[in-house]
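The values are calculated or read from the model by the stated rules, or taken from the named source; none is laboratory data. Everything numeric in this text was worked out from a predicted model, so none of it was measured. Cβ placement follows ideal geometry from the backbone for every residue including glycine, while neighbour counts extend to all protein chains displayed.
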Amino acid sequence: MTAGGLWIVLLAAFAGAFLTRGAGVLISGQVEPETRVFEWFTCVGQALVGGLMVRAIFWPPTPLAETLAADRALALAAAFAVFFLAGRRLLPSTLAGVGLLAALNFARAL
Amino acid sequence: MPPRDMPRPLAAGFREALGAPALGLFAALTGYGAMTETVGMDPLVMLASVVLIWSMPALMTFSEVAAAGGGVWVMFVAVTFANLRNIPMVVTALPMVRTEGRLTWKDMALAQLLSPTTWVHILVFSETLPAPARRRYFVAFSATVLVAAVIGAVAGYAVVGELPKPVATALLFLTPVYLLLIIMSVRRLSGYLSLALGAVALPLLMDWSLEWGLALGGLGAGTAGFVLGGGLRRRAKP
């Protein structure tokens with residue numbers, strides 16, 4: 001994609017992001033959040049984001065694909081284990097997963 | 001808990017954000033910066049994307065769709081759907097900060113600055129803050145984590161080529177893991193089921209069609225998770 005084309009798709013992405021935030025602002029004045037429709041909205045958002053992130057981990061379009069899928073699965077499991085064992089703290093859990101993957105990558109390169 | 005005194009809400013918001021919130025966003029965006037460098041994105045576009053889109057799922061979508069060569073319409077639809085979860089976030093956050101009886105441009109400005117980190121802080125701490133100070137407090141908080149994120153993205157973009165390859169590739173793992181863990185922080189069965197179903201359905205359906213797979217997979221898995229998790233049976237809170 002050319003640099004100009006990338007700026008145009010960035011504007012399209014900004015429009016999409018702005019649209020959802022604007023919709024939230026408009027609704028915020030009128031609707032009670034603790035309703036079924038908002039739980040459904042949250043579920044759709046979680047399915048979307050979760051699916052995209054799993055795709056970014058196991059079918060990545062980046063050099064992450066050069067690492068073993070089993071190593072990525074192990075590192076992901078480690079991040080989740082630390083998350084649940086250490087009081088759902090995001091930063092240590094994330095760094096545990098990334099650290100383990102880096103260590104496994106080093107070990108495979110030896 | 002009664003609201004505490006807060007003579008300088010901007011400074012207080014800045015101070016509160018400087019610890020774990022700023023570090024978390026710095027680390028998360030390091031992964032985004034690294035990812036965009038590896039797919040050859042222009043650094044100015046990368047920086048502009050962080051400021052304009054300012055939502056990790058949407059940023060990841062932007063990076064993935066741009067790397068796949070998706071066009072304007074695919075990008076618009078993909079980012080809109082990836083950002084849908086911002087709607088309930090904005091809807092639940094603004095009433096806790098707003099002091100005016102009607103919508104103003106300040107609501108849109110705060111909505112644009114809102115991230116899941118700020119949202120959680122609004123939900124947890126806003127009632128401990130005096131109402132007139134809340135908006136300035138959370139604007140300072142949000143702006144601080146945004147600046148930390150921009151610095152993180154630049155750092156990730158700049159250093160990824162200099163790092164040993166095992167570390168550079170592991171850095172690309174940071175952002176998706178961080179986001180999956182954030183989603184796990186929402187403790188509700190329907191949310192967990194939606195995440196699990198989306199994790200299976202979306203990659204498969206996006207192989208079939210980038211645009212339709214994303215939309216149908218998200219709607220289908222989210223709706224199935226909502227129903228299986230008892231969403232239809234739950235009574236709305238009065």
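Looking only at residues in segment B:181-192 that are within 8 Å of B:GLY229 (Cβ to Cβ) and more than 8 Å from every other protein chain (Cβ to nearest Cβ), which one is surrounded by the fewest Cβ atoms within 10 Å (Cβ to Cβ)?
Within segment B:181-192, the subset within 8 Å of B:GLY229 (Cβ to Cβ) is B:188-192.
Within this subset, residues satisfying the condition of being more than 8 Å from every other protein chain (Cβ to nearest Cβ) are B:189, B:192.
Values: B:LEU189: 12, B:TYR192: 18.
Among those residues, the one meeting the criterion is B:LEU189.
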- Message: Going residue by residue through segment B:109-132, is there one that turns out to be in a helix (DSSP H, G or I) and at the interface with another protein chain (Cβ under 7 Å from one of its Cβ atoms)?
- Response: yes
- Message: Can you tell me which condition B:GLY19 does not meet? The list is (1) facing chain A (nearest Cβ under 7 Å); (2) closer than 30 Å to B:VAL167 by Cβ, and all the others hold.
- Response: (1)
- Query: Which condition does B:LEU84 not pass, out of (1) crowded, with 16+ Cβ neighbours inside 10 Å; (2) more than 7 Å from chain A (Cβ to nearest Cβ); (3) under 30 Å from B:TRP208 (Cβ atoms), if it passes all the others?
  - Reply: (2)
- Note on the structure: Of the residues in segment B:160-179, those that are in contact (Cβ under 8 Å) with a residue 12 or more places away in the chain and not in a loop (DSSP other than H, G, I, E, B) come to B:ALA168, B:LEU171, B:LEU174, B:THR175, B:PRO176, B:TYR178, B:LEU179
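Going by the conditions given, is B:LEU171 within 30 Å of B:GLY40 (Cβ to Cβ) and within 11 Å of chain A (Cβ to nearest Cβ)? If you could, list the steps in order and put the result at the bottom.
Numbers: within 30 Å of B:GLY40 (Cβ to Cβ): yes; within 11 Å of chain A (Cβ to nearest Cβ): yes.
In short, yes.
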- Message: Filter segment A:88-110 down to the residues that are part of a loop (DSSP other than H, G, I, E, B) and within 8 Å of another protein chain (Cβ to nearest Cβ) and list them by number.
- Response: A:ARG88
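Please work out which residue is nearest to B:VAL90 (Cα to Cα), limiting yourself to segment B:1-36 and to residues that are among the charged types (D, E, K, R) and in a helix (DSSP H, G or I). Steps first, please.
So in segment B:1-36, the residues among the charged types (D, E, K, R) come out as B:4-5, B:8, B:15-16.
When the remaining residues are screened for being in a helix (DSSP H, G or I), the result is B:15-16.
Details: B:ARG15: 23, B:GLU16: 21 Å.
Within segment B:1-36, the match that is nearest to B:VAL90 (Cα to Cα) is B:GLU16.
Just the residues that are crowded, with 17+ Cβ neighbours inside 10 Å and either part of a helix (DSSP H, G or I) or facing chain A (nearest Cβ under 7 Å) (or both), please, taken from segment B:220-235.
Keep residues of segment B:220-235 that are crowded, with 17+ Cβ neighbours inside 10 Å, which gives B:220-226, B:229, B:231.
The answer is B:GLY220, B:ALA221, B:GLY222, B:THR223, B:ALA224, B:GLY225, B:PHE226, B:GLY231.
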- Query: Which one is modelled with the highest pLDDT among residues in segment B:152-168 that are surrounded by fewer than 16 Cβ atoms within 10 Å (Cβ to Cβ) and away from chain A (no Cβ under 13 Å)?
  - Reply: B:ALA158
- Those residues of segment A:73-96 which are farther than 20 Å from B:THR117 by Cα and surrounded by 24 or more Cβ atoms within 10 Å (Cβ to Cβ), in sequence order: A:ALA75
- Query: What is the number of the single condition among (1) more than 8 Å from chain A (Cβ to nearest Cβ); (2) without any contact (Cβ under 8 Å) to a residue 60 or more places away in the chain; (3) touching a helix residue (DSSP H, G or I) at 6+ places or on another chain (Cβ under 8 Å) that B:ALA215 does not meet?
  - Reply: (2)
